[in-house]
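First comes the structure, then the notes that go with it.
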Amino acid sequence: MAEASPAVANAELLEWPKKDKRRFLHAVYRVGDLDRTIKYVFNTLTAPDVVDYFGCLDVLTFFCTFVFRYYTECFGMELLRKRDVPEEKYSNAFLGFGPEQSYFVVELTYNYGVTSYDIGTGFGHLAIATEDVYKMVENIRAKGGNVTREPGPLKGMTTHFAFVKDPDGYIFELIQRGPTPEPLCQVMLRVGDLGRSIKFYEKALGMKLLRTIDSPELKCALAMLGYAEEDQTTVLELAYSYGVTEYTKGNAYAQVAISTDDVYKSAEVVNLVTQELGGKITRQPGPIPGLNTKITSFVDPDGWKTVLVDNEDFLKELQSE
C-alpha cells in the first residue's frame, strides 16, 4: 500500500486536536508585592488577627497567607493545595472554585525574595462569572479590594460587569451571568494580528471560534475561543487594539495549561502550525523530572506560552499530593 502524501498526512494530523480530550487546567502567574499585600492586611484585619499573624516567624507563610486570603475572601475561591520547594526557592498555591480534576484554577507562584513583577501591556485579565456582580463588588470593596470599574453595562450592551485589581496589580473582570459550571471563565491576552491568532488556536489547539466583537468606537476587536460555549467553560479572549501590533510581556504572567491525551502527537501538530503561522515549541514532549508528568510547551506568534499536560499524568499528580 502506498504511503499517504505529506499533505494528506498533515491534514490527518491537524484533525487530532479536534478529537483530543482537552480542557483548560490552570493559569500560572507570579506574585510578590509584599507592600500591597500588607496594605490589604491593615485594611481588613481585626486587632487579634494582626497579633496572631504578625506573631508568626515564617515570613513566607505570612506573605502567602494574605495573598491567599485576598482570593478566598474577595473572590470566594478555595485554597486547593500549596507546595513549597526550598531547593528551587519558590512556592506555589492553587486556588479555584472547585477541585482541579474538573475546574479551571489559578496557580500563584512566589519566588523567594522577589517582591514585584512587571505585568506588561499584553496581559489583559482573568474573568470571574457571578450571578450578582453588584453584590460581589460590594464585598470586595468592604474587604479593601481595589475596584477600578464600577459594575454596569457598556452603552448599547446588556451584560453587567466590573473590573477589580488584586494586591499585585492583576486585573479581574467580574461578569454577571446565570449559574455556570465554570466561574473562572476567561483568560484575556492582547495580540497583534487577530486573524492570525484565531487560526493559530483553532489549528494548533483545536479551539472553536465562539464569537467575535468589533468595536470601532473603542478601536478594538475581540475573539472568544474555547472547547465549549462561554457559559459552560473557560475561554480564551484574544484582544486586538487597532494599529497595535506588539505588546510587552513583562515577567509576571507565565502561561496557561491545557490537558491532552497525547503530548507527543499534540506537539507534532503545534510544530506543524508554527511553521505556517509563527511561534515555536519551547519544551519538547516528555516527562518532568521528579514528577514524571508528561508535558510539552510552546509560544504562539505573539509569544504567549501554553503548556499541554497529559490527562492521566495530571490526575495521578493530584492524587499523590
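Take the residues in region 277-311 that are in contact (Cβ under 8 Å) with a residue 40 or more places away in the chain and among the charged types (D, E, K, R); name whichever of them is nearest to Asn251 (Cα to Cα). Write out each step before concluding.
Within region 277-311, the first condition is being in contact (Cβ under 8 Å) with a residue 40 or more places away in the chain, and the residues that meet it are 277-279, 297-298, 300-311.
Checking which are among the charged types (D, E, K, R) leaves us with 300, 302, 305, 310.
Details: Asp300: 16, Asp302: 15, Lys305: 12, Asp310: 26 Å.
Ranking the candidates gives Lys305 first.
What's the number of the only condition in (1) open to solvent by less than 70 Å² (accessible area, probe 1.4 Å); (2) outside any helix (DSSP H, G or I); (3) over 20 Å from Ser297 (Cβ atoms); (4) out of contact with any His (no Cβ under 9 Å at 6 or more places or on another chain) that Leu189 fails to meet?
Just one mismatch for Leu189, condition (3).
Looking at region 137-170, which of its residues are part of a strand (DSSP E or B) and under 18 Å from Gly96 (Cβ atoms)? I'd like the intermediate steps shown before the answer.
First, pick out the residues of region 137-170 that are part of a strand (DSSP E or B): 146-152, 161-165.
Listed by number, the list holds a single entry, Val164.
Restricted to region 213-264, and to residues that are among the aromatic types (Phe, Trp, Tyr) and either at pLDDT below 95 or more than 18 Å from Arg190 (Cα to Cα) (or both), which residue is least open to solvent (accessible area, probe 1.4 Å)?
The initial filter retains those residues of region 213-264 that are among the aromatic types (Phe, Trp, Tyr), namely 227, 240, 242, 247, 253, 264.
Among the residues that remain, those that are also either at pLDDT below 95 or more than 18 Å from Arg190 (Cα to Cα) (or both) are: 227, 264.
On the way: Tyr227: 49, Tyr264: 105 Å².
The selected residue is Tyr227.
Of everything in region 124-145, what is surrounded by fewer than 17 Cβ atoms within 10 Å (Cβ to Cβ) and either under 19 Å from Pro181 (Cα atoms) or in contact with a helix residue (DSSP H, G or I) (Cβ under 8 Å, 6 or more places away or on another chain) (or both)? Give them in sequence order.
Kept after step one, since they are surrounded by fewer than 17 Cβ atoms within 10 Å (Cβ to Cβ), are these residues of region 124-145: 131-132, 134-135, 138-139, 141-143.
Hits for region 124-145 are Glu131, Asp132, Asn139, Lys143.
Any residue that is among the β-branched types (Val, Ile, Thr) and part of a loop (DSSP other than H, G, I, E, B) - is there at least one of those in region 204-215?
As a first pass, look at region 204-215 and keep what is among the β-branched types (Val, Ile, Thr): 212-213.
Then keep just the ones that are part of a loop (DSSP other than H, G, I, E, B); that gives none.
No, region 204-215 contains no residue that is among the β-branched types (Val, Ile, Thr) and part of a loop (DSSP other than H, G, I, E, B).
Of all residues in region 87-136, which are part of a loop (DSSP other than H, G, I, E, B), touching a residue at least 12 places away in the same chain (Cβ under 8 Å) and more than 18 Å from Ala27 (Cα to Cα)?
Residues satisfying the conditions are Lys89, Tyr112, Gly113, Val114, Thr115, Ser116, Glu131, Asp132.
The values are calculated or read from the model by the stated rules, or taken from the named source; none is laboratory data. Computed from a predicted model, the values in this text were never measured in an experiment. Cβ sites come from the backbone with ideal geometry, for glycine too, and all protein chains shown count toward neighbours. Each accessible area value is taken on the protein alone, full model and side chains, heavy atoms only, with ligands, DNA and RNA left out. Shrake-Rupley method; radii C 1.70, N 1.55, O 1.52, S 1.80 Å.
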